[in-house]
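Bear in mind that the values in this text are calculations on the coordinates, not laboratory data. This structure is a prediction, so every number in the text was calculated from the model and none was measured. Ideal geometry is used to build each Cβ from the backbone, glycine not excepted, and the neighbour counts take in all protein chains shown.
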Amino acid sequence: MIKESLKSYGQRADKSMKTYLRIERLRLKIHNKTVSYLSENNLTFNQFKVLEVLYHRGDLNIGSITKLTMSTPGNTTVVIKNLKRDAWITSIADPEDKRASILTLTKKGRDIIEKVFPTHAQKLNSYFDALDEEEIDTLYNLLDKLYQAN
């Protein structure tokens, strides 16, 4: 017989841990659905993040892309190399720093992100169908409060 013994770290700490686990499981569930959708369009999640940031923010240097995609410099470099190889992005000279380059979407890159992003946005929206507008606002505000506090 398996004995279930859960050690308590205090009621609030226990609730905090349960809440964290619920958030993480939901994040993973949504992430896996997103990765599956992107793979149907021959994109990795990291490629998509770079294309999305260039599409919505415009031409950027590698450092800005790394920060906006919450990635690491090494990973961003590899992703960018592969996106260049596949002709989805290209480099242009940075007019303010001749040693640096700015990345920009090619027509092929713009075409794929314009094809994939609207469905991605619809899918993200559908994950929150269980909430009404007020609940979405409340959830956002609570998560933002935690984000700002940490």
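Quick one: how many residues across region 87-129 are closer than 30 Å to residue 26 by Cα, hydrophobic (A, V, I, L, M, F, W, C) and outside any loop (DSSP other than H, G, I, E, B)?
The number of residues fulfilling the criteria is 6.
For residue 54, are the conditions met, namely being touching a Leu at 6+ places or on another chain (Cβ under 6 Å) and touching a residue at least 40 places away in the same chain (Cβ under 8 Å)?
Yes, satisfied.
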